[in-house]
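Participant: Have a look at this one.
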Amino acid sequence: AKVQILEGAAENLGEKAEDLDMREGKVFRKGEPEESIPFEKMVRSKHFRPDGDIVLARGWYEPPTERQDKEFRGNISAAYGFATQAVEVEVDTQTGEVTVLKIAAAHDVGRAINPMAVEGQIHGGVSMGLGYGLYEELVVEEGRVLNPNFADYALPTALDMPEIETIIIETDDPAGPFGAKGMAEPACIPTAPAIANAVYDAVGVRIKDLPITPEKVLKALKEKKESEEEK
């Protein structure tokens, strides 16, 4: 990318690329920083023309890792994100339907470089967790998938999404890039267990397999009632 930037600036300045330098978002003749071209202007002039090119940069980050030994023990993660979610539900004891009213999601994200993107990631993860918790189930009978398309495989829609309160916890992890941690799977992991706990808190039945369907709730309520009557 540096070579591309210098070559593009050389064309604009009528100079040789080796006679140019770059610093603080600008390209200039060596020893003459007062006459410079901003990166943005140079990149645009290089791109928006018939024979234009795109300035590309490539990079990678390898976090400190403890490699696995011969017994496959080791620390393969550079950072660990912590999370907790609380869910408010409404359970219809006549139909067994569970409606999620609100989810509060608190996540340790290291440093939130882009808080709006982090919040969007949490919302996306919560929607996936909601699907795991209440809707998604691959039905297989005698080796054949019975719900292979979106007409039969239930997923939460925008109408099913509850109010989501996101709480971003920043800890500035030294092992992550700019202090950040990964913020993908952590957002969808706590949602389904939180829904199950909320159902238990609401009606006193513990559903231990997903998804938490109305049929499972009604069966658990029936078993709970029968158990109470036997006492």
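Participant: Report the residue count in region 1-10 for those that are exposed (fewer than 13 other Cβ atoms within 10 Å of the Cβ) and within 13 Å of VAL43 (Cβ to Cβ).
Facilitator: Just the residues of region 1-10 that are exposed (fewer than 13 other Cβ atoms within 10 Å of the Cβ), to begin with: 1-3.
Now drop any that are not within 13 Å of VAL43 (Cβ to Cβ), which leaves 1-2.
Number satisfying all stated conditions: 2.
Participant: Tell me which residues, restricted to region 158-194, are of a type in the set (Asp, Glu) and closer than 25 Å to THR99 by Cα. Spell out how you get there, then give the answer.
Facilitator: Of the residues in region 158-194, the ones of a type in the set (Asp, Glu) are 160, 163, 165, 170, 172-173, 185.
Within region 158-194, ASP160, GLU163, GLU165, GLU185 meet the criteria.
Participant: Quick test of your reading of the structure: ALA79 fulfils all but one of (1) free of Cβ contacts under 8 Å to residues at least 60 places away in the same chain; (2) not in a strand (DSSP E or B). Name the failing condition by number.
Facilitator: (1)
Participant: What are the pairs with Cβ atoms under 9 angstrom where one residue, in region 211-225, is outside the structural domain of PRO156 (by the TED database) and the other, located anywhere, is part of a loop (DSSP other than H, G, I, E, B)? Sequence gap at least six, or different chains.
Facilitator: No pair meets every condition.
Participant: For region 24-44, check the following and say yes or no: at least one residue is among the acidic types (Asp, Glu) and surrounded by 12 or more Cβ atoms within 10 Å (Cβ to Cβ).
Facilitator: Going residue by residue through region 24-44, those that are among the acidic types (Asp, Glu) are 24, 32, 34-35, 40.
Of the ones still in play, those that are also surrounded by 12 or more Cβ atoms within 10 Å (Cβ to Cβ) are none.
Looking through region 24-44, none of the residues is among the acidic types (Asp, Glu) and surrounded by 12 or more Cβ atoms within 10 Å (Cβ to Cβ).
Participant: I would also like to ask the following. Taking region 188-231, which residues are of a type in the set (Gly, Ala, Ser) and either outside any helix (DSSP H, G or I) or under 22 Å from TYR153 (Cα atoms) (or both)? Break it down stepwise before answering.
Facilitator: Here is the first cut: in region 188-231, the residues of a type in the set (Gly, Ala, Ser) are 192, 194, 196, 198, 202, 204, 220, 227.
Scanning region 188-231 gives ALA192, ALA196, GLY204.
The values are calculated or read from the model by the stated rules, or taken from the named source; none is laboratory data. All of these numbers come straight from a predicted model, not from anything done at the bench. Heads up, the Cβs are rebuilt from the backbone with ideal geometry, glycines too, and the neighbour counts pull from every protein chain shown.
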